[in-house]
Amino acid sequence: MDKIIKALVGLIFAFILLVGVFGILPQLGLGNPFANFENPLAGLFEQGKNTVANAALDASGLKSKANEALKSNRDRIAEVTGLSRSQVDDAIDALDIESWEVTSLPASASKTGSTDISYGGTDATITTYDDPSVVTVNAMGQDVTLAVPDSAQSYLPFLGYLG
């Protein structure tokens, strides 16, 4: 069972890190320019930033690349974890990578934990909240909050196993 949990958490982490590290905000140079913006229109700017980031994420093909990378490594994942190929396929499908989007952190979300991880020589922190529909990835000095599809939310409590 530990192998299954670690495999699923690893799949989630791989996608989150791909988006956070190689994702949109660093490429666009956006960072978080509106973090200290007090204007009442700041919400519109934040929404616009997310729209641009999601358009760039879709145009980059990063989601498809991440999904294909997972699928092309399903035999290796199955071998390392002891999962069957169909279990790995089910886990990849449950992640619903094509549905992940850059979003704004809800004001009511309270941090429940964070996990520091390293992947491919890059350090990152994944923060979870009492609202399982979002996670924030901090990598290379960039914070990216992602909307988590319903099918992947049940795996978020296992992110602590990565640390």
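The values are calculated or read from the model by the stated rules, or taken from the named source; none is laboratory data. This one's a predicted model, so the numbers in the text were calculated from it and none came from an experiment. Backbone-built Cβ (ideal geometry, glycine too); neighbour counts: all protein chains shown. Keep in mind that these areas ignore ligands, DNA and RNA; they rest on the heavy atoms of the full protein, side chains included. Shrake-Rupley method; radii C 1.70, N 1.55, O 1.52, S 1.80 Å.
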Anything in segment 68-88 that is surrounded by 16 or more Cβ atoms within 10 Å (Cβ to Cβ), in a helix (DSSP H, G or I) and modelled with pLDDT of 80 or more? List them, or say none. Arg74, Ala78, Gln87, Val88
From the list Ser118, Ser104, Ser60, Ser86, which residue is closer than 22 Å to Asn138 by Cα and out of contact with any helix residue (DSSP H, G or I) (no Cβ under 8 Å at 6 or more places or on another chain)? Ser118
Filtered residues of segment 66-103 (kept if free of Cβ contacts under 8 Å to residues at least 60 places away in the same chain and under 20 Å from Thr145 (Cα atoms)): Ala66, Asn67, Asp96, Glu98, Ser99, Glu101, Thr103
Given the structure, is Phe13 farther than 20 Å from Tyr155 by Cβ, at pLDDT below 80 and open to solvent by less than 70 Å² (accessible area, probe 1.4 Å)? no
Give me the pairs, please: first residue somewhere in segment 126-146 and touching a residue at least 60 places away in the same chain (Cβ under 8 Å), second residue anywhere and assigned to a loop (DSSP other than H, G, I, E, B) and of a type in the set (Ser, Thr, Tyr), beta-carbon distance under 8 Å, and either six or more positions apart or on two chains. Leu146/Thr103
Which of the strands (runs of 3 or more DSSP E) contained wholly in segment 89-161 include at least 3 residues that are open to solvent by 80 Å² or more (accessible area, probe 1.4 Å)? 111-119
